Amino acid sequence: MKLEINKLKPNKDNPRIIKDDKFKKLVKSIKEFPEMLELRPIVVDEDMTILGGNMRHKACIEAGLKEVYVKIAKDLTEEQKKEFIVKDNVGFGEWEWDILANEWDSVKLNEWGLDVWENEDDKEDENIYTQKIETPKYEPTGNKPTEEELYNEEKVKELIKKIGLSNIKKEEKEFLIKAAYRHTVFNYKNIAEFYIHSNKEVQELMEDSALIIIDFKKAIEGGYIALNEKITQQYIDEYGE
């Protein structure tokens, strides 16, 4: 059902807020994709107090909407309402970063509010970092994958074929063919498994190519990981030059 937006009451006990750049992205998203609001209506109780969607409600006002889609949750106890408010804001699960990196447009993901890389606002908020740096541990789970199972070049081949059939200059073709290899899709789970089962020489070459990062300091020196000045100093203080 649809209701006038001014009939809804923001929940003073809402524990989650979205501000600054992320809030602007939410407003922009609502303006560009208003159908989303019908698919995911704001949840209210019988008193029209918002239980789920407080920030969407605020963003809708900012976007100039006069009405919003609403779902009324009836017969909930006060305890259930509090539980719903928290659970509605809990992000269960985790992102599959390999799929996001290979199959999705990172610019679009950023516009939609997903932090796919460190932005300038994040760099200024240095309190979110700690001195302790832990490297993930990987345990082998099966047999060594074949080389063909480490990557997918279907998009690369498609682009190279298209470039080859074009009427552009030879030098331009050579450049674009080199650039086409950027679309190689790497299977990092298989790459980790391949690394575990490889000899020392192959492992070192994989590390040099940043396919696998084992030595954090080496990764920084190789330019595979960049740290801002504050974090760099913390790292030096903790682990030395």
Log entry, pairs with first residue in segment 49-68 being within 18 Å of F84 (Cβ to Cβ) and assigned by TED's automatic domain parsing to the domain that holds D13, second being modelled with pLDDT under 90 and part of a helix (DSSP H, G or I), beta carbons closer than 6 Å, six or more apart or on different chains, reads L51/K81; L51/F84; L51/I85; G52/D88
With respect to the numbered conditions (1) in contact (Cβ under 8 Å) with a residue 12 or more places away in the chain; (2) part of a helix (DSSP H, G or I); (3) surrounded by 11 or more Cβ atoms within 10 Å (Cβ to Cβ), which one is the sole condition not fulfilled by E38?
(3)
Select from segment 6-35 the residues that are surrounded by 14 or more Cβ atoms within 10 Å (Cβ to Cβ) and free of Cβ contacts under 8 Å to residues at least 12 places away in the same chain and list them in ascending order.
K24
Step by step: first the residues of segment 46-60, then only those that are farther than 14 Å from I18 by Cα and touching a helix residue (DSSP H, G or I) at 6+ places or on another chain (Cβ under 6 Å), then the one that is surrounded by the fewest Cβ atoms within 10 Å (Cβ to Cβ). Which residue is that?
M48
Selection within segment 7-35 - at pLDDT below 90, of a type in the set (A, V, I, L, M), over 14 Å from D88 (Cα atoms) and not in a helix (DSSP H, G or I)
I18
Would you mention how many residues in segment 194-215 are in contact with an Asp or Glu (Cβ under 9 Å, 6 or more places away or on another chain), in a helix (DSSP H, G or I) and of a type outside the set (S, T, Y)?
3
Condition test on V90, is it of a type outside the set (F, W, Y), at pLDDT below 85 and within 28 Å of the chain's Cα centre (by Cα)?
yes
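This table checks each residue for (1) among the β-branched types (V, I, T); (2) within 17 Å of N6 (Cβ to Cβ).
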site	(1), (2)
D47	no, yes
I50	yes, yes
R56	no, yes
A59	no, yes
G64	no, yes
V68	yes, yes
A73	no, no
L76	no, no
Of the conditions (1) in a loop (DSSP other than H, G, I, E, B); (2) at pLDDT 85 or above, the single one that F175 does not satisfy is (1)
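The values are calculated or read from the model by the stated rules, or taken from the named source; none is laboratory data. This one's a predicted model, so the numbers in the text were calculated from it and none came from an experiment. Neighbour counts run over all protein chains shown; Cβ positions are idealised from the backbone, glycine included.
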